[in-house]
Amino acid sequence: MGKTKTADLSRRWEKVKKSWYKFSKNPLSIIGATIILIIVCLAIFAPFAAPYPEHAGSFVNFDEASMPPNLKHPFGTDVFGRDIMSRIFFGFRFSITMGVVVITLAAPVGITLGLIAGYMKGTWVDTVIMRLTDIFVAVPPLVLALAVCSILTPSVFNAMMAVTLMWWPWYCRMVYGIASSIKNEFFVQAAEVTGAGKLHIIFREILPNCYGPIFTKISLDMGWVILIGSALSFVGLAHNLQHRTWAQWLPMEASICLISGG
Amino acid sequence: MAERLLDIKDLHISFDVYGGTLKVLNGVNLFMYEGEKVGLVGETGCGKTTTAKSILNILPVPPARIPKGEIFFKRQDVLKMVPKEIQRIRAQGISMIFQDPTAALNPVFTIGDQLMEAIKYSSIQDGLSRREIRKLAIQTLQDVALPDPERILENYPIQLSGGMRQRICIAMALATESQLLIADEPTTSLDVTIQDQVLRLLGVLVKEKETSTILITHSLGIVREWTQRVYVMYAGGMVETARTAELFESPLHPYTQGLMKAVPKLTGEGIAEGISGRIPDYLNPPEGCRFNPRCPHVMPVCKKERPPFFNARDDHQVACFLFKE
Amino acid sequence: MAAETLKLINLKKYFYTKMGTVKAADGVSFSIRERETLGLVGESGSGKSTVAYTILGIYGPTQGNILFKGQDISRESKKRPKHFKKEIQIVFQDPGSSLNPRRSIKQILELPLRVHHISGNGGFTEQVEKLLNMVELPSEYMYKYPLAIGGGERQIVAIARALATNPSFIVLDEPTSALDVSVQAKIIGLLMELQEELNLTYLFITHDLSLMRNMATRVAIMYLGKICEIAPTVEFFKSPLHPYTRILLSSIPVVSREEEELKPKKITSRGEIPSPVNVPPGCSFHLRCPERMDICSQVDPEITGKEKGHWVRCHLYDKGL
């Protein structure tokens with residue numbers, strides 16, 4: 001038994017090495033991966049990485065307010081004298097949480113519904129699911145989020161729920177397209193002929209063939225979700241008084257700029 | 001001594017992949033004279049398409065690499081040409097028909113668009129007017145025995161059958177008045193009766209236009225009925241070459257003999273075992289003759305040196321130490 | 001006389017599309033005995049794959065009956081009792097797409113074992129090893145993925161998959177058409193060995209008549225959904241009767257002069273193969289037939305029989321053979 005376990009592990013390690021080879025062929029992938037790694041580390045270790053961790057919460061120092069980037073404060077300071085760079089590091093936390101939570105909720109729901117609708121294409125199941133998708137897609141995303149957030153009390157959690165609601169249909173549609181074409185492939189028919197159940201076919205035969213587009217979409221979506229989250233923040237619908245996002249003090253800065261004329 | 005239209009000398013091609021280099025072509029030698037019909041027969045993975053693509057220089061250069069060898073077309077080395085010269089050769093000198101006509105035709109343009117574009121970019125006299133090009137296109141479609149050419153010009157590829165699509169690819173290749181035609185498995189995806197028709201047509205056209213042709217295929221039967229001279233290829237090198245009738249009368253190389261035995265015959269002798277073993281791993285190909293692990297007549301020298309072509313009979317050469325005299 | 005494993009009685013499968021009714025299979029009848037190989041030969045549009053899929057239950061028949069070992073199974077596979085899925089298996093044409101590229105060979109071969117709970121004593125892994133041994137592939141192949149092995153070996157895996165449930169009848173849909181000649185020889189050899197060892201009955205679909213000459217017990221030719229001619233192999237090749245059969249035979253590229261002698265004199269086919277949406281009236285072959293008579297464009301011929309089990313559907317033989 002031990003022998004098969006080590007053989008198993010060495011096979012998996014081979015697969016990892018091969019994937020790394022393919023990934024590292026393109027220098028841009030390495031650069032991108034490094035940037036993301038840095039951001040994630042900064043987010044996790046913000047209290048240690050930020051030069052002025054206490055500036056992340058409430059802190060006031062009007063002597064050093066609104067300074068341009070300098071040696072002490074590489075990104076400058078805001079109206080309250082708080083170091084912007086430190087606040088950005090803490091802000092990473094919110095944004096990444098937002099991206100991860102939304103996609104973790106939206107993607108599986110959308111993918112599952114898309115697989116089911118695609119495999120059962122032509123039946124009433126397909127019609128119901130796709131029309132449901134159509135309904136959600138028809139509403140402009142930000143409007144939907146605003147509606148949800150204003151009905152419920154503004155909070156990070158509700159903002160994430162709102163964004164999730166507008167996000168899942170896109171996964172559903174994408175996977176629907178792929179699944180409905182794959183279901184005609186010989187290997188799916190072979191599984192059906194043998195007597196495999198629908199669950200097996202959907203999740204074990206069709207789904208693995210969708211991974212490529214799914215992961216591409218996830219990586220692109222992260223950016224968009226963060227942007228939408230920031231937009232909601234900007235209009236004040238995502239925050240409660242404890243947490244601050246980047247976009248939070250933009251309205252303040254904006255209005256102060258207008259008033260001071262500079 | 002007639003001049004050789006195409007002369008490939010000692011061509012080596014390798015590909016960079018995970019885990020090393022695939023040393024695919026291992027010293028390919030092939031030549032042909034004007035007006036000949038030469039067959040290149042070999043099984044999947046032996047390197048025939050790689051050879052064909054290298055003649056037109058359409059191999060993607062990384063990951064492919066050409067460490068050694070020359071390809072002379074009309075006495076000029078294709079591999080050393082600048083892009084502009086290659087462009088001209090592709091437009092006017094050499095044309096190619098690919099295996100899958102559905103993939104070779106763009107589904108979103110009409111046949112007319114594609115055919116006229118091919119003519120426009122290859123016309124020897126530049127500046128043919130659109131009407132002249134259209135007339136030429138209709139003429140080419142008639143040459144390939146397609147009924148109602150005007151209507152076909154307006155059709156999209158998907159509206160036509162496989163045989164018709166391949167005939168259009170042939171029309172496109174021959175409309176350009178090139179001297180060398182490379183046909184890479186042109187009938188593999190067609191039904192047997194249509195295949196017969198298309199090959200017959202190709203034979204007639206090639207004779208009319210005096211185009212030299214290389215027919216690449218894995219079907220020995222087709223090679224026998226269509227070509228004048230044959231090259232048999234295995235694992236990146238030529239193993240035997242002869243006039244067609246001679247080759248089928250007496251195949252000499254053990255690989256060729258194995259292939260002939262494996263073909264099911266109408267005489268009903270049953271099917272032979274096939275050739276034991278499998279094609280070599282190009283990452284670590286065998287030393288010496290690449291066929292040695294599978295050869296029933298293997299000798300010690302076969303594992304050390306690569307055999308060159310030996311003259312076994314009149315106009316019949318075999319790359320095998322059994323024929324070293 | 002061996003028992004009849006499969007019998008088709010006037011099987012029809014029509015597809016109703018916007019462009020018209022596609023009569024893919026239009027009245028196909030034949031039977032296959034135990035341990036026989038019936039070669040079903042035809043070109044595109046002949047309906048041979050449709051017949052195969054209807055037997056498997058991928059389609060339900062529009063009309064007609066399918067009897068398997070005497071029992072009527074003329075419906076889609078989901079409406080058939082489960083044990084028929086064990087008995088009747090298929091090897092598809094294109095090994096590239098009949099194996100899921102995202103599943104390992106072990107997973108692919110385990111699926112039929114899991115569905116039918118065939119685990120033997122050592123569990124599924126051991127069963128998979130046994131299957132690989134049966135088809136002479138090394139056990140390490142279990143962990144490979146289909147794209148890492150050659151086309152011939154993929155097809156061998158597909159054969160192993162078909163054998164997993166210990167079937168008695170296997171439909172082989174052009175299993176070697178996409179493969180090289182030496183690989184084909186290996187696979188045909190394997191198939192014939194397995195047929196002996198395991199008492200299998202084959203329906204072998206192909207367009208390669210030379211192959212059928214060496215492998216089939218009987219040969220049937222299909223054209224546009226109907227059977228043109230059916231006879232035991234030796235008889236079939238000795239005297240091919242139907243004009244389409246003669247055209248098919250004369251189009252085959254052969255490698256030796258002896259074979260050349262055996263082919264009917266060069267009869268060139270003319271015209272394209274019509275689509276099964278527009279089946280010509282009367283005899284469906286009359287537009288391309290070099291021996292066409294007036295009656296051929298009006299009346300569809302009936303099947304007539306000769307001794308020795310040789311049947312043909314052609315007006316040339318209306319008055320007996």
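Every number here is computed from the coordinates shown, using simple stated rules; none is lab data. None of these values were measured; they are calculated from a predicted model. As a convention, Cβ positions derive from the backbone with ideal geometry for all residues, glycine included, and neighbour counts pool all protein chains shown.
Just a few scattered comments:
- C:Pro240 satisfies every condition listed in (1) facing another protein chain (nearest Cβ under 10 Å); (2) without any contact (Cβ under 8 Å) to a residue 60 or more places away in the chain; (3) of a type outside the set (Asp, Glu); (4) surrounded by 23 or more Cβ atoms within 10 Å (Cβ to Cβ) except (1).
- Helices (runs of 4 or more DSSP H) fully within the range A:1-89 that include at least 2 residues being away from chain B (no Cβ under 14 Å) and in contact with a Pro (Cβ under 6 Å, 6 or more places away or on another chain): none found.
- Condition check for B:Ile97: without any contact (Cβ under 8 Å) to a residue 40 or more places away in the chain, within 23 Å of B:Pro157 (Cβ to Cβ) and among the hydrophobic types (A, V, I, L, M, F, W, C): no
- No other residue among A:Val156, A:Val137, A:Val175 is surrounded by fewer than 22 Cβ atoms within 10 Å (Cβ to Cβ) and touching a helix residue (DSSP H, G or I) at 6+ places or on another chain (Cβ under 6 Å) apart from A:Val137.
- Residue check, A:Val16 in contact (Cβ under 8 Å) with a residue 60 or more places away in the chain and more than 23 Å from the chain's Cα centre (by Cα): no
- Selection within the range C:138-169 - in contact with a strand residue (DSSP E or B) (Cβ under 8 Å, 6 or more places away or on another chain), within 23 Å of B:Ala272 (Cα to Cα) and more than 10 Å from every other protein chain (Cβ to nearest Cβ): C:Gln155, C:Ile159
- Restricting the range C:73-83 to residues that are more than 10 Å from A:Val193 (Cα to Cα) and not in a loop (DSSP other than H, G, I, E, B) leaves a set whose member that is nearest to the other protein chains (Cβ to nearest Cβ) is C:His83.
- Inter-residue pairs, beta-carbon under 8 Å, first without any contact (Cβ under 8 Å) to a residue 60 or more places away in the chain and in the range B:1-12, second outside any strand (DSSP E or B) and of a type outside the set (Gly, Ala, Ser), 6+ apart: B:Ala2/B:Glu34
- Any hit, the range C:34-42, residues being within 11 Å of another protein chain (Cβ to nearest Cβ) and under 19 Å from the mean Cα position of the chain (by Cα): yes
- Enumeration of residues in the range C:170-203 that are within 12 Å of another protein chain (Cβ to nearest Cβ) and under 21 Å from C:Phe84 (Cβ atoms): C:Ile170, C:Val171, C:Asp173
- Qualifying residue in the range C:84-96 (condition: buried (at least 22 other Cβ atoms within 10 Å of the Cβ), within 9 Å of chain A (Cβ to nearest Cβ) and among the basic types (Lys, Arg)): yes
- Residue in the range B:247-270 that is part of a loop (DSSP other than H, G, I, E, B) and aromatic (Phe, Trp, Tyr) present: no
- Which numbered condition B:Pro251 misses (of (1) farther than 25 Å from B:Gly27 by Cα; (2) buried (at least 20 other Cβ atoms within 10 Å of the Cβ)): (1)
- Failed criterion for C:Gly150 (all others in (1) within 26 Å of B:Ile275 (Cα to Cα); (2) within 24 Å of the chain's Cα centre (by Cα); (3) in contact (Cβ under 8 Å) with a residue 40 or more places away in the chain hold): (3)
- Residues of the range C:248-266 satisfying the condition of being touching a helix residue (DSSP H, G or I) at 6+ places or on another chain (Cβ under 7 Å) and touching a residue at least 24 places away in the same chain (Cβ under 8 Å): C:Leu248, C:Leu249, C:Ile252, C:Val254, C:Pro264
- Pairs where the first residue, in the range A:91-120, is closer than 14 Å to A:Val225 by Cβ and the second is among the polar types (S, T, N, Q), C-beta under 6 Å, 6+ apart: A:Phe94/A:Thr245; A:Val102/A:Thr164; A:Leu105/A:Thr164; A:Ala106/A:Thr164
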